[in-house]
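See below for the structure under consideration.
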Amino acid sequence: MPTTTLLVRRDQLATTRLRTQEDSPLKPGEVRVRIDAFAFTSNNITYAAFGDAMGYWQFYPSGEEGWGQIPVWGFGSVSQSLHPGVAVGERLYGYWPMASSAVLAPDRLSALRFADGAPHRAELAAVYNQYFRCASDPLYTADTEATQALLRPLFITSWLIDDFLEDNDFFGIRSQGAPGVVLLSSASSKTAYGTAFLLHQRPGVEVVGLTSAANKAFCESLGCYHRVLTYEGLDQIAADALCVYVDFAGNGELRRAIHTRFANLRYSSSIGGTHVEQLAASGSGKGLPGPRATLFFAPAQIKKRTAEWGADVFGQRMAAAWRAFIARVEGDAGAQSPWLTVTQHRGDAAVQAAYAQVLSGRGDPRIGHMLSLAPGATAG
């Protein structure tokens with residue numbers, strides 16, 4: 001059966017094309033997975049924007065010079081298996097190409113998960129090589145697959161950012177009487193509001209979301225920011241405030257404005273780039289006043305905490321936070337409105353259109369996009 005793949009120009013992300021190829025026969029120990037549905041968010045744009053610097057293009061090489069496959073999170077079902085430990089029909093959650101199917105080489109199997117043992121992934125971050133077996137995954141529920149695909153990888157990053165700041169005592173911004181300020185750009189993005197949800201529970205900090213005028217009301221409706229300001233409203237925060245900056249936007253002009261205004265900026269962290277046109281200007285923050293902008297790499301904090309706490313405690317703490325977050329995101333009958341509404345996009349044209357919409361940065365921040373190139377695929 002042929003596999004359809006969405007290819008992206010690595011140096012011009014707005015340029016895409018679809019490629020359909022006949023599947024090659026499996027080798028012993030491999031499985032073929034039909035990718036039923038995957039989430040596509042601004043986080044995936046970050047994977048593409050930092051694809052060369054952070055190795056994201058290497059997970060699923062396109063085999064064509066200048067073209068890449070953006071990794072995505074979602075669910076698939078094993079359609080063929082030449083591995084004795086993985087059965088046809090098994091449901092998996094993990095890191096896929098934007099395609100209708102993928103081939104994995106399961107390794108280090110446990111009841112909960114396995115790793116892809118493909119040689120080209122051996123030196124890549126282990127967190128992206130894990131595939132969770134839904135039958136035994138404690139975070140899995142069949143009726144919330146879309147919410148999991150959209151928010152689970154983003155929330156893990158959010159949780160690690162919150163933990164990293166607490167682990168570093170918020171770089172001293174809570175040491176005086178007034179609450180220290182944590183500035184979050186791109187406040188309407190899912191990773192940002194997941195971070196705000198967690199930070200809002202920390203004593204001694206004021207969580208300030210920065211966003212466009214168009215998204216200000218949405219961010220305020222979430223209730224997880226103490227204040228929401230437009231990007232032009234930095235002057236509403238005292239210039240001598242003790243603060244840290246968590247940059248989800250990759251907007252170089254905004255970063256310069258923050259570094260210039262706040263003399264007591266104690267830490268500046270870059271998480272990703274949703275403003276693709278600003279990435280060239282954002283750079284590493286060289287030449288700016290204050291602390292150098294530091295790229296936050298989630299796998300490093302995972303490695304640190306699993307070494308300190310053990311894998312079981314790490315998983316338990318993250319799972320507890322995840323359940324609390326999902327309960328709020330999905331709302332409840334009558335009392336709280338949901339933060340997220342899922343929209344499905346199936347088929348070649350629909351997937352390309354959804355990709356272009358997310359890349360443009362336009363659209364309703366309350367909408368979560370689930371995509372599928374697999375014929376006859378289903379998603380929860």
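FYI, it's all coordinate maths here, none of it is from the lab. A quick note: this is a predicted structure, and the numbers were derived from the prediction, not measured. Positions of Cβ are backbone-derived with ideal geometry, glycine not excepted, and every protein chain shown enters the neighbour counts.
Rounded to the nearest Hz, the phi-derived 3J(HN,Hα) couplings of the stretch 131-148 under the Karplus curve 6.51 cos²θ - 1.76 cosθ + 1.60 (θ = phi - 60°) are 10, 8, 8, 4, 4, 10, 6, x, 8, 8, 9, 5, 8, 10, 4, 4, 4, 5, where x marks glycine and proline.
Placing unit charges on each Cβ (+1 for Lys and Arg, -1 for Asp and Glu) gives the chain a dipole about its Cα centre, and among A238, P299, F218 the Cα reaching farthest toward its positive end belongs to A238. Helix 190-199 and the longest principal axis of the Cα set of the chain meet at an angle near 50°. On the basis of the beta-carbon distance and an R0 of 30 Å, S175 and Q236 show a calculated FRET efficiency of 0.85.
Of all DSSP-defined beta bridges confined to the chain, some 60% are antiparallel rather than parallel. Each peptide in 159-165, 340-346, 243-249, 135-141 gets a packing score, the mean of other Cβ atoms within 10 Å over its residues, and the list from highest to lowest is 243-249, 159-165, 340-346, 135-141.
Order of K190, K304 from fewest to most other C-beta atoms within 10 Å?
K304, K190
With a Förster radius of 30 Å, plug the Cβ-Cβ distance of D348 and V127 into 1/(1 + (r/R0)^6) and report the FRET value to the nearest 0.05. FRET efficiency, D348 to V127: 0.50. Summarising the label geometry, the points placed 7 Å from Cα in the beta-carbon direction at L18 and T294 lie 4.5 nm from one another. Distance from the Cα centre of the stretch 22-38 to that of the stretch 66-100, in angstrom? For the stretch 22-38 versus the stretch 66-100, the Cα centre distance is 7 Å.
Can you divide the C-alpha Rg of the chain by 2.2 N^0.38 Å and report the result to two decimal places? Write down the numbers at each step before the final one.
Working: Rg = 20.7 Å, N = 380, 2.2 N^0.38 = 21.0 Å.
After normalising by residue count via 2.2 N^0.38 Å, the value is 0.98.
For K190, a cut-off of 18 angstrom between C-alpha atoms picks up these aspartates and glutamates, skipping any fewer than 8 places away in its own chain: E145, D162, D163, E220, D247, E330, D364.
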